[in-house]
Every structure is written in structure tokens, then in C-alpha cells.
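Beneath this line is the structure, given in C-alpha cells, with notes to follow.
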Amino acid sequence: MKNTPNYKKIYSDMISMKYPEKIISCEKFLKKSSFSQMDVIVLNSIITENSSDLFSTNQRLKSYDQLSIIKMLDYQKKHGISNIQLAKHFKTSRNSISKWKKMFSY
């Protein structure tokens with residue numbers, strides 16, 4: 001059995017305690033029964049926009065599952081953007097993008 005964090009509970013509590021003004025914009029995600037990694041990334045960007053939290057500036061702790069990586073690489077193909085532009089869009093390293101492209105033969 002794989003232990004995964006309960007993102008719904010984490011983000012529900014965080015939004016209600018620290019960002020009550022963003023409940024309406026996050027409501028669609030909080031109604032879901034399960035969260036994907038992409039949902040977590042989108043919720044995180046909604047919460048931390050225009051915020052100077054340490055939470056938003058610390059990018060070292062991000063991790064992505066295979067499905068999220070493939071969605072990012074598909075986004076790159078669909079929009080015809082470079083690795084640097086994709087890295088800026090998803091706030092990750094361009095070296096990670098290159099590594100993922102090699103791993104998944106994109």
C-alpha cells in the first residue's frame with residue numbers, strides 16, 4: 001500500500017486558515033474526491049499568486065509523478081515552447097525537463 005499525503009485535507013485546511021479569500025477560486029479543486037499532482041501544482045499557484053510566502057519561493061521540495069511529467073511534456077509539444085519556457089511556466093528546472101525528455105523519449 002502506497003502512503004500518499006491527503007492533499008485535499010492539507011489544502012482545505014491551509015486555504016481556510018491562511019487564505020480564506022481564495023476559497024471561491026479553489027472550490028473546484030476542493031470538491032474533487034482525489035487529487036493528481038497537476039491539481040496540487042495548480043492549487044499551489046492559485047494560493048501563492050501575489051504572495052511573498054516562503055512556501056511559494058521554496059521550489060526544492062517539489063516532486064512529480066509520471067502522469068504529471070507526461071502532461072507537462074505534452075503541454076510543451078502542444079504549445080511549441082522550449083525547455084526554458086516550459087521550466088518557467090511550471091517553475092521547475094530546465095535540467096529536469098531535459099532529463100524527463102530523455103527518460104520518456106520525447
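Counting just the residues of the stretch 7-50 that are within 26 Å of ILE69 (Cβ to Cβ) and acidic (Asp, Glu), which one comes out surrounded by the most Cβ atoms within 10 Å (Cβ to Cβ)?
Per the criteria, the residue is ASP39.
When both residues are 6+ apart or on different chains and their Cβ atoms are under 6 Å apart, which pairs have a first residue that lies in the stretch 61-74 and is under 12 Å from TYR106 (Cα atoms), and a second that is buried (at least 17 other Cβ atoms within 10 Å of the Cβ) and among the aromatic types (Phe, Trp, Tyr)?
ILE69/TRP100; MET72/PHE90
Condition (residue is of a type outside the set (D, E, K, R), part of a loop (DSSP other than H, G, I, E, B) and modelled with pLDDT of 90 or more) applied to the stretch 46-57: is it met by at least one residue?
no
Could you give every pair whose Cβ atoms fall below 7 Å, whose first residue belongs to the stretch 76-100 and is free of Cβ contacts under 8 Å to residues at least 60 places away in the same chain, and whose second residue is not in a helix (DSSP H, G or I) and not polar (S, T, N, Q), counting only separations of at least 6 or pairs across chains?
THR92/LYS62
Answer yes or no: is there a residue in the stretch 14-30 that is modelled with pLDDT under 85 and in a loop (DSSP other than H, G, I, E, B).
no
The values are calculated or read from the model by the stated rules, or taken from the named source; none is laboratory data. In this text the structure is predicted, and so the values were computed from the model without any measurement. Cβ atoms come from the backbone with ideal geometry, glycine included; neighbour counts cover every protein chain shown.
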